[in-house]
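Participant: Supplied in structure tokens, the structure appears directly below.
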Amino acid sequence: MELGLVGLGKMGGNMRERIRRGGHTVIGYDRNPDVADVHSLEELVKSLTGPRVVWVMVPAGEATQTTIDTLAELLSPGDIVVDGGNSRWTDDEKHAGELAAKGIGFVDCGVSGGVWGLENGYALMYGGDAEHVAKAQPVFDALKPEGEFGSVHAGKVGAGHFAKMVHNGIEYAMMQAFAEGWELLEAVDSVTDVREVFRSWQEGTVIRSWLLDLAVKALDSDEHLEKLRGVAADSGEGRWTVEAAIDNAVPLPAITASLFARFTSQQEDSPQMKMVAALRNQFGGHAVEGSTEATK
Ligand SMILES: O=C(O)[C@H](O)[C@@H](O)[C@H](O)[C@H](O)COP(=O)(O)O
């Protein structure tokens, strides 16, 4: 089939390649003319024969909104838009409504796999009406991993991004658990080769996993992670997972703690720990680092 792909960055560029390898025609548009096949959304839409399927793979939020607004003006009834970015699931219903008013279908699709997706395939979680999903199915089939699993029609519009959001919440907590275990192993003298302990866990253990394999890969290139600073960004999915947990009164202690650990990592110096240190100093005269003194 023929696909229009908007956004040819780290993810979109490789996805174009994988879909082409699957035997489909992909016409890609990006703001960067060096990687684009066409130079405007107008040109992209004109170069596709209807009914068109246009996959949007741009950053969540404003960039996705602007792209969908423009496509709503350019596409025709019967066409389909797939949002494959990391959009917040609550945006999906709004986008579906805006497009439905023009007779255009909408499917939201969470995509996992990162820079390894070109070779390994991308795990896909999509939401939307069955008739809209069916039009994009050949593209899903080309992108997904080759095995039995790796893609799911998770439910109604929004379900794809909701499933991907929960996936990312789990990703946060799993990474945090590996990170905490690694730090504790590094802290004791009795364990003399932490990297080899991690490597040994890759087979036979309960915790063997792709994230563990990647941890070993990272330790192979920098055994004690000395070249890195301990700062981890977050792009939104962890926050949205915790917000959804609150909305649904579902306790998520591990995922929430892993999100908060990232916030701590993003601070130069912890304001709240200044307060804890100040209070210990006030009531107990305990030493502080800095200049605060107990006043009695
Ligand atoms: O499944 C995946 O391929 C990843 O989850 C991918 O989507 C991306 O790496 C995260 O969105 C980063 O998220 P944070 O910036 O929140 O860690």
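Participant: Pop out the ³J(HN,Hα) list for the stretch 188-194 in order, Karplus 6.51 cos²θ - 1.76 cosθ + 1.60 with θ = phi - 60°, rounded to Hz; leave Gly and Pro as x.
Facilitator: 9, 6, 5, 8, 9, 9, 5
Participant: As a test of the formula, what do you get for the chain when each DSSP H run with n ≥ 4 contributes -39,500 (n - 2.57) and the sum is divided by the residue count, at 222 nm and rounded to the nearest 500 deg cm²/dmol?
Facilitator: Taken over the chain, the calculation gives -15500 deg cm²/dmol.
Participant: While we're here: Filter the GluC sites (Glu not before Pro) in the stretch 147-249 down to the DSSP loop ones having no more than 14 other Cβ atoms within 10 Å, then list what survives.
Facilitator: Loop-located and lightly packed - Glu148, Glu203, Glu223, Glu226.
Participant: Okay, next question. Provide Phe178, Phe140, Phe149 ordered by accessible surface of protein heavy atoms (probe 1.4 Å), highest first.
Facilitator: Sorted by accessible area, descending: Phe149, Phe178, Phe140.
Participant: Oh, and also: Starting from the Cα of Val35, step 7 Å along the direction of its Cβ; do the same at Gln282; then give the gap between the two resulting points in nm.
Facilitator: 5.2 nm
Participant: Considering amide H positions built from the backbone, and no H for Pro or chain starts, which residues 5 or more places from Val26, or on another chain, come under 5 Å of its amide H?
Facilitator: Amide H to amide H, under 5 Å and 5 or more residues apart or across chains, Val26 pairs with Leu3.
Participant: May I pose another question? Using Cα pairs closer than 8 Å and at least 6 residues apart in sequence, work out the relative contact order for the stretch 1-107, in percent.
Facilitator: Here the relative contact order equals 24 percent.
Participant: Given an 8 Å cut-off on Cα distances and at least 6 residues of separation, report the relative contact order of the chain as a percent.
Facilitator: 12 percent
Participant: Now, a different point. Which of Leu143, Leu212, Leu75 ends up with the largest GNM mean-square fluctuation for the chain, with Cα atoms connected below 10 Å?
Facilitator: Highest fluctuation among the options: Leu212.
Participant: Counting only pairs 8 or more residues apart or on different chains, how many lysine pairs in the stretch 1-156 have their Cα atoms under 23 Å apart?
Facilitator: Lysine pairs meeting both conditions in the stretch 1-156 amount to 11.
Participant: How big is the Cα convex hull of the stretch 1-102 in projection, averaged over all directions, in nm²?
Facilitator: Hull-based average projected area comes out at 6.0 nm².
Participant: Moving to a separate point now. What number results when the radius of gyration of the stretch 73-146, computed over Cα atoms, is divided by 2.2 N^0.38 Å?
Facilitator: 1.15
Participant: With viscosity set to 1.002 mPa s and temperature to 20 °C, compute the Stokes-Einstein D of the stretch 200-296, Rh being the Kirkwood radius across alpha carbon pairs; µm²/s, no decimals.
Facilitator: This corresponds to a translational diffusion coefficient of 123 µm²/s.
Participant: Using alpha-carbon positions, what is the distance between the centroids of the stretch 224-272 and the stretch 171-197, in Å?
Facilitator: Measuring centre to centre over Cα atoms gives 19 Å.
Participant: Taking each pair of distinct Cα atoms in the chain once, what is the resulting Kirkwood hydrodynamic radius in Å?
Facilitator: 21.8 Å
Participant: Under unit Cβ charges (Lys, Arg +1; Asp, Glu -1), what dipole magnitude, rounded to 20 debye, does the chain have relative to its Cα centre?
Facilitator: 260 debye
Participant: Applying 1/(1 + (r/R0)^6) with R0 = 25 Å to the Cβ-Cβ distance of Ser291 and Gln267, what FRET efficiency is obtained, to the nearest 0.05?
Facilitator: Between Ser291 and Gln267 the formula returns 0.80.
Participant: Averaged over all directions, how much area does the convex hull of the C-alpha atoms of the stretch 164-229 cover when projected, in nm²?
Facilitator: That works out to 5.1 nm².
The values are calculated or read from the model by the stated rules, or taken from the named source; none is laboratory data. Computed from a predicted structure; not experimentally measured. In this analysis, Cβ positions are derived from the backbone assuming ideal geometry, glycine residues included, and neighbour counts consider all displayed protein chains. SASA here: full protein model, heavy atoms, side chains in, ligands and nucleic acids out. Shrake-Rupley method; radii C 1.70, N 1.55, O 1.52, S 1.80 Å.
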